[in-house]
Amino acid sequence: MGMETIEELFEHELKDIYSAEHSLLDALAQMADESSDRDIRKVFTQHRRETQGQIKRLERIFKTMGQKAKAEACAGIEGLIKEKKVFMREKPSPELLEFYNVGAAQKTERYEITAYEHLVDMAEKLGMSDAAELLEANLQEEETALNRLKGIASEFDVVEEDDSDKTVQDDDKATTSSRRR
């Protein structure tokens, strides 16, 4: 028998975002470690702490449902993490990696925002006002994190550097450097 009720869908989506948040703990720590910019490192570190709090809120929701918190693989976040691994095979410069990480983090925030909006809507339809409130708190933190990241992204200067100093010229390639203003 397949999924038939909004309650089952809510539980499925809750397990999905629970998995996503756990996966992102490691990703946020890695991005903070990869960053040479103090402000960017601070944003990733701060959001990692917020993510730990979000996980605790999700666990409270599971508890109110009489269930043990359980993760169900989140294909969306797993896909974004896989995308990063593929990008790393390109051996990006540290500056370009930093620029990439800010953009990748924005993608994950947008994913999480959509997931939390849907969960809040379902919780409200199910009359689960306490769960809706906890989910709304997570949603607000995700929106704040996205706005911080958008601010950081807007401060990047992406400059195409001239390769004329090199003895062998490759007209098809230009070195890209990213730095914050």
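Things to note:
- On Cα atoms only, tilt of 38-64 relative to the major axis of the chain in degrees: 20 degrees
- Taking the Cα centre of the stretch 1-63 as origin and assigning +1 to Lys and Arg Cβ atoms and -1 to Asp and Glu Cβ atoms, the resulting dipole is close to 500 debye.
- Dividing the summed -39500 (n - 2.57) terms of all DSSP H runs of n ≥ 4 by the residue count of the chain sets its mean residue ellipticity at 222 nm at -25000 deg cm²/dmol.
- Spatially proximal lysines relative to K70 (Cα-Cα < 29 Å; intrachain offsets below 8 disregarded): K15, K56, K82, K84, K85, K107, K125
- Alpha carbon convex hull of the stretch 6-156, volume per residue in cubic angstrom: 91 Å³
- Multiplying the residue separation of M65 and M1 by 0.36 nm and removing their Cα-Cα distance gives an extension gain of 20.9 nm.
- Calculated FRET value between D130 and D37, using beta carbons and R₀ = 25 Å, to 0.05: 0.05
- Packing rank of 129-138, 84-93, where each peptide gets the mean count of other beta carbons within 10 Å, highest leading: 129-138, 84-93
- Over the chain, relative contact order from alpha-carbon pairs under 8 Å, at least 6 apart, %: 23 percent
- In the chain, the longest principal axis of the Cα atoms and the axis of helix 75-88 are about 10 degrees apart.
- Rounded to 10°, Cα long-axis angle of helix 129-154 versus longest principal axis of the chain: 10 degrees
Each reported figure results from applying straightforward, stated rules to the coordinates on display, with no laboratory input. Please read all numbers here as calculations on a predicted model, not as lab measurements. Note: ideal-geometry Cβ built from the backbone for every residue, glycine included; neighbour counts use all protein chains shown.
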